[in-house]
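Take a look at the structure set out below.
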Amino acid sequence: MKNSVLRTPLRTRRIALGLAGVVCVMSAGCTSSQSPEAAPVSGSNGPTTTETVSQHPAATTPSGNEMRVTLLGTGSPVPSITRFGMSTLVQANGLNLVFDAGRGATTRLTQAGVPLGQIDGVFLTHFHSDHVNGLSDMWLSGFIPALGGREGNFDLYGPIGVKNIGDGLMQTFRNDVDVRVADAEVDPATTGIVSHEFEANRVIFDRDGVAVTMFKVQHDPNSAIEPAVGYRIDYADKSVLISGDTVPVENVIRYGTGVDVLIHEVADFQDPAALPKVYAHHTNPRQAGEIFTATRPGMAVYSHIVNGIPGRVAGIPDETLIERTRESYDGPLTVGQDLMSFQITDDEVNISQP
């Protein structure tokens, strides 16, 4: 059975939601659908092998004017086997764009069936380790012929400071690259990192009808963590916004109003007073609800979910996270999971479960 909820921020769309293994709440209640192409990925939260043929939607290029968003990692700095480090894949018009590259992003790409050599750009929101500690793996694995077979350089985009990261990685792994080239294992033309640095609040990528706008956000109350940015991706009258790590800021509302999918970070604990410094660097669910109410996206999605520290600070179940969000927002809402995928068509946003 398939249900839908209408919305009209920029144009009417129907939101079709699947609920197998995901917590989602709609203003009119949860809806459900599970299409054949959204069959579970073998070993989606555990080991996989190169012999496994991925059935994940991301393994197939979106058709026509559609966009697809896949949550590669929805976690925080906390090491987790279920929520890997922050990373999001956006596919449009044949391009594979990755936003942040946290712990395990390369593994999730492989599970999703996306060739490591076919990443057209990686975009960083800021330089905290949990957003970049999977970057070297993505770059290095991508140029090894048996793993990725990338043709040409690895393109890295973001705010000022990206070049320092790209150049530093090349220096750190120079010995690895040199011996692989000397052994005739890899083509040296595929091993470089080309860094593209920009000031915020502007389009920084425009290729084949896909535009990426980078905008400034604020990751702490005193603006000590700079740069910190978010991204909006537009293609064929469809749009996605990724907030980056941020406290509530006007730019998310400015760039996120009426988008089809708005992916926002969130932090919450069983006791909201447990880690006040963490709260001061993130957005709590009540604040996020206010942002969703102001922007009215086709689908609001939580990722980079900061929810307790095992053995030290108690987290909360997804249901409580939703309840606290509902204090200020009554629209479409999904708590993201690793490998969850969102297909944006002319008429609807379909959710495929991991």
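The values are calculated or read from the model by the stated rules, or taken from the named source; none is laboratory data. Note that the structure is a prediction, hence the values are computed from the model and not measured. With ideal geometry, Cβ positions are generated from the backbone for all residues, glycine too; neighbour counts draw on all protein chains shown. Note: accessible area is taken over every heavy atom of the protein model, side chains too, but ligands, DNA and RNA are not part of it. Shrake-Rupley method; radii C 1.70, N 1.55, O 1.52, S 1.80 Å.
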The stretch 228-255, subset within 22 Å of Gly75 (Cβ to Cβ) and not in a strand (DSSP E or B), residue most open to solvent (accessible area, probe 1.4 Å): Pro248
Residue that is most open to solvent (accessible area, probe 1.4 Å) [pool: residues in the stretch 80-103 that are out of contact with any strand residue (DSSP E or B) (no Cβ under 6 Å at 6 or more places or on another chain) and more than 14 Å from Val122 (Cβ to Cβ)]: Ile81
Identify the single condition in (1) over 13 Å from the mean Cα position of the chain (by Cα); (2) closer than 25 Å to Val186 by Cβ that Ser87 does not satisfy, given that it satisfies every other one. (1)
How many residues, within the stretch 280-320, are closer than 17 Å to Arg232 by Cα, β-branched (Val, Ile, Thr) and not in a helix (DSSP H, G or I)? 1
Restricted to the stretch 293-308, and to residues that are within 15 Å of Pro248 (Cβ to Cβ), out of contact with any Asp or Glu (no Cβ under 9 Å at 6 or more places or on another chain) and of a type outside the set (Ser, Thr, Tyr), which residue is most open to solvent (accessible area, probe 1.4 Å)? Ala294
Residues that are open to solvent by 10 Å² or more (accessible area, probe 1.4 Å) and more than 21 Å from Arg312 (Cα to Cα), drawn from the stretch 256-276: Thr257
Number of positions in the stretch 309-344 that are open to solvent by 20 Å² or more (accessible area, probe 1.4 Å) and of a type outside the set (Gly, Ala, Ser): 15
Which condition number in (1) closer than 30 Å to Met299 by Cβ; (2) in contact (Cβ under 8 Å) with a residue 40 or more places away in the chain; (3) out of contact with any Pro (no Cβ under 6 Å at 6 or more places or on another chain) is the one that Thr190 fails? (1)
